[in-house]
Amino acid sequence: MFKNYLTSALRSLKRHKLFSLLNIFGLATGIACSILIFLWVKDERSYDNFNNSSLYRLSINVTNVEAAVTPLPVAVSVKQQIPAVKDFARLVSLHSIVTIGTKKFDEKDMFYADPSFLQMFNYPLLKGNKATALSRPDGVIITAAAANKYFGTENPVGKIMRIDDDVNGHNYIVTGVLKNVPHNSHLRFDVLLPLITFEKSSNYSYGSPSEWGNSIGYTYFQLNKNSETPAAINSVEKQIAVIASANDPMHTKSTFKLQPVTEIHLHSNLLLDVQGNGNIQYVTIFSLVAVFIVLIACINFMNLSTALAGQRAKEVGLRKTLGAVRFQLIIQFMCESFLVTFFSTLTGLAIARLLLPLFNDLSGKVTSVKLFDLNILLPLLGIATAVGLISGSYPALFLSSFKPVKVLKGLRIFGGQKTFLRNSLVIFQFTIAVVLMVSTLVVHNQLKYIQNRDIGYNKENLLYLQMPQTGDLQSNFQALKAVLSQSAALSDYTLIEHLPTYLTTGTTDVSWTGKDPRLQIVFPHIGADGTFLKTFKIHLVAGRGFNDNYATDASNYVLNETAVKIMGFTPEKAVGQNIEMNGHPGQVIGVVKDFNFKPVQQTIEPLILRYTKQGGFVVIRTSPAKMQPIISQLKAAFQDIYPNFPFSYGFVDQDLSRLYVAEQRMGKLFNVFSIISIIVSCLGLFGLATFATQKRLKEVSVRRVLGASAGGIVTMLTKDFVKPVAAALIIAFPLAAWAMNKWLESYVYRISLSWWMFAAAGAAAVVIAFLTISYQSVKAALANPVDSLRSE
């Protein structure tokens, strides 16, 4: 029986080659897209699933500023006073120079960590003892990749590494080698140092009351199994707030939140968070895109199958006359559907594997298609089964419902309601396609706006050098300044503590005359010298900037417009006011125009500039025409002055661009998927137009003989198909406007939706649809009428 069904299905597919190919290619394209997006979504949702589910990270909220880092003493007190907490581990990030013999490495992926970190987290240790590897103050753990980089094929355990983690640096002994950190870990590191070394350093006074207000580390808790209910977690959060408030001498109004480690990657957008986090919004968007593209392909199948119903009506009538029951016919047509789906799945899998490198490049992933991986195979079979059922169910029920008497007498078996259904499905297809096209234009223009908007300073041609934090920085910097001043290609340069691209500093310890004592506001701050405003071309609103020749400027401050407004002053009246920050009194000498120092998703905050002659970066305004010679000159001078420190440079505009990598990838993927949705929609439209033209070929020939023009015939054949596309625009535009406004709400600085975005997408959809339909119409209009009328 099954063999009979299969033979009939193969014959039917062979008989209608064009429609079979359109169905297979359309479904294959939809399945390929769903496979690629499934791999991406699966990877995004897999972050930290290898870790213990009872792990939570503590975050802090101070005056509506939520940060991923918290004070280090909190963890110890919480463990002692809250029974629900089983254990804790803290991390403090470090950027330092690693010296192995005569080789030096600039390492950014480093953490100080508690010994319990290795017990709480599932990062396998290839060499060494988990229980003791981070216990000794001079011990260090490195990953297998770092071990290969530092020591090659030698056994690294017991080897000496020098790490400049404070003013003088320390020698460390390798006590363990970790398996490389999985790509789906929210924590990325190559080196782990014992936290006790940081606590004993001169830069940190452990146990000091002031450290309760100093949020500098990531704090993780492991809760007891019976303490993971929402009510229990909420109770722990409240107890932590009480403990912190009782110990903080500033009595800062803080709230705390425990976030499951498995949710950090997709549900965390905090100040000072780890880099590389994803966005659950994008996961939802692309999951819907995958579903919609598959639905578009399924609609093509249903439309073409019902369009061919007239040609298969007599087959159904004869089968029923010979004794076939409806259930058998349904099985027959479903068999055809699953056969098409089978070929489509194989083709889609081949397309997905072929396009996977390109997709990985666009999405920034390293995914693969493994046929015998159940995590891939089962969802793929699920997709194929769903596509087969969705695509084949309606045609099977529809075709099997024909009455044999009507069919064999040549009576009309279906009327306008089926045409209405097909048109409705075409409307649905193009609605999705147009929504994606409008979204693509909006995302593209928002990214363009981000890159080109005035952020308050000139970001172009700003090259920065990372400065060493060891040795006599000031005397060495004077030597570097002498080199910089001799180059005609370098117009200005400045020494600053932090780059104003994504500023993460902040303090609530700011007071001024007339301040409400209940007011707690986080003030970001930057340490800069006298050439900062000139180098960055920041506009001065009132007063003056710092002057390197004025010794009194060491205790003075420059504010931005937002800070002045919060303090209740005008820019002119703010100049000369006395303020105090972190216990250091001073005078406001100037007010600068607001400029962005964080991503444009965030509003400009109150900023304080303070004078310093020490800094982590030298920023230089250069000439773009002489960039490479300048870099070579700077490298030679830098290595001569700082022979023990690697030369490292970057560009401010590139750093700003990297802040929006996720949005840029989203824009590229939208481009691809909107094109695919149009292509798949047009495949179905082409099939319907082909069928309709073939069915009316004799009518067209008669009209030609009677004098109808080719243009009139093309208009007649195309108008019935252009109408549903036009109707799709009416539905798509409000949907696209709503969806894009929701997406743009995440940006403080954003574009406004413009009529031309909808007009461009609509015009493109109509033109593409018209060209798809008109090919068959023009072909029929220009054909020799004798060929089709010869048999009459």
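The values are calculated or read from the model by the stated rules, or taken from the named source; none is laboratory data. What you see is a predicted model, and the numbers here were worked out from it, not measured in a lab. All Cβ positions, even for glycine, are placed from backbone atoms using ideal geometry, and neighbour counts span all protein chains on display. Ligands, DNA and RNA are stripped out before the accessible areas are found, and what is left, the full protein with its side chains, is counted by its heavy atoms. Shrake-Rupley method; radii C 1.70, N 1.55, O 1.52, S 1.80 Å.
Would you mind working out the accessible area per residue for the stretch 98-184, using a 1.4 Å probe, and quoting it in Å²?
Ligands and nucleic acids excluded, the result is 45 Å² per residue.
Where the centroid of each part is defined by its Cα atoms, how far is the stretch 619-659 from the stretch 228-282 in Å?
Taking the Cα centre of each part, the stretch 619-659 and the stretch 228-282 sit 38 Å apart.
Over the stretch 492-599, calculate the relative contact order: mean separation of alpha carbon pairs under 8 Å at least 6 apart, over the residue count, as a percent.
34 percent
DSSP loop (so not H, G, I, E, B), at most 12 other Cβ within 10 Å: list which GluC sites (Glu not before Pro) in the stretch 453-562 pass both filters.
Taking the stretch 453-562 and a limit of 12 other Cβ atoms within 10 Å, the loop GluC sites (Glu not before Pro) found are Glu460.
Near Lys257, which aspartates and glutamates are there with a Cα under 16 Å away, not counting those fewer than 8 places off in the same chain?
Glu66, Glu228, Glu237, Asp273
Give the shape of the stretch 29-182 as rounded, prolate or oblate, defined through the alpha-carbon gyration tensor: a ≥ b ≥ c are the square roots of its eigenvalues, a/c under 1.5 means rounded, and otherwise the shape is prolate if a/b is larger than b/c and oblate if not.
Oblate shape, in that a/c is at least 1.5 and b/c is the bigger or equal ratio.
Can you list the HN-Hα couplings for the stretch 724-735, worked out from phi with the Karplus curve (6.51, -1.76, 1.60; θ = phi - 60°), rounded to whole Hz and with x for Gly and Pro?
Computed from phi, the couplings for the stretch 724-735 are x, 5, 5, 5, 4, 5, 4, 7, 5, 4, x, 5 Hz.
In the structure displayed, which of Lys515/Lys593; Lys200/Lys613; Lys108/Lys370; Lys481/Lys537; Lys365/Lys635 lie more than 31 Å apart, Cα to Cα?
Beyond 31 Å: Lys108/Lys370; Lys365/Lys635.
By its C-alpha gyration tensor, with a ≥ b ≥ c as the square roots of the eigenvalues, how is the stretch 8-118 shaped: rounded for a/c under 1.5, else prolate for a/b larger than b/c, else oblate?
Judged from the Cα gyration tensor, the stretch 8-118 comes out prolate (a/c at least 1.5, a/b above b/c).
Could you give the distance between the Cα centres of the stretch 19-52 and the stretch 582-614, to the whole Å?
Computed from Cα coordinates, the inter-centre distance equals 47 Å.
When you count, for each residue, the other Cβ atoms within 10 Å and take the mean per peptide, how do 125-131, 676-682 rank with the highest first?
676-682, 125-131
Beta carbons within 10 angstrom, averaged per residue: use that to sort the peptides 658-671, 252-265, highest first.
252-265, 658-671
Can you find, among Val157, Ile141, Ser20, the residue sitting farthest towards the positive end of the charge dipole of the stretch 1-159, where Lys and Arg contribute +1 and Asp and Glu -1 at Cβ?
Ser20
Under the classification rounded if a/c is under 1.5, otherwise prolate if a/b is larger than b/c and oblate if not, where does the stretch 220-272 fall, given a ≥ b ≥ c as square roots of the Cα gyration tensor eigenvalues?
Oblate, because a/c is 1.5 or more while a/b does not exceed b/c.
Output the peptides 139-152, 517-530, 25-38 sorted from most to least packed, where packing is the average of other Cβ atoms within 10 Å over each peptide's residues.
25-38, 139-152, 517-530
Could you give the Stokes-Einstein D for the stretch 205-296 in µm² per second, using the C-alpha Kirkwood radius, 10 °C, 1.306 mPa s?
So the translational diffusion coefficient is about 97 µm²/s.
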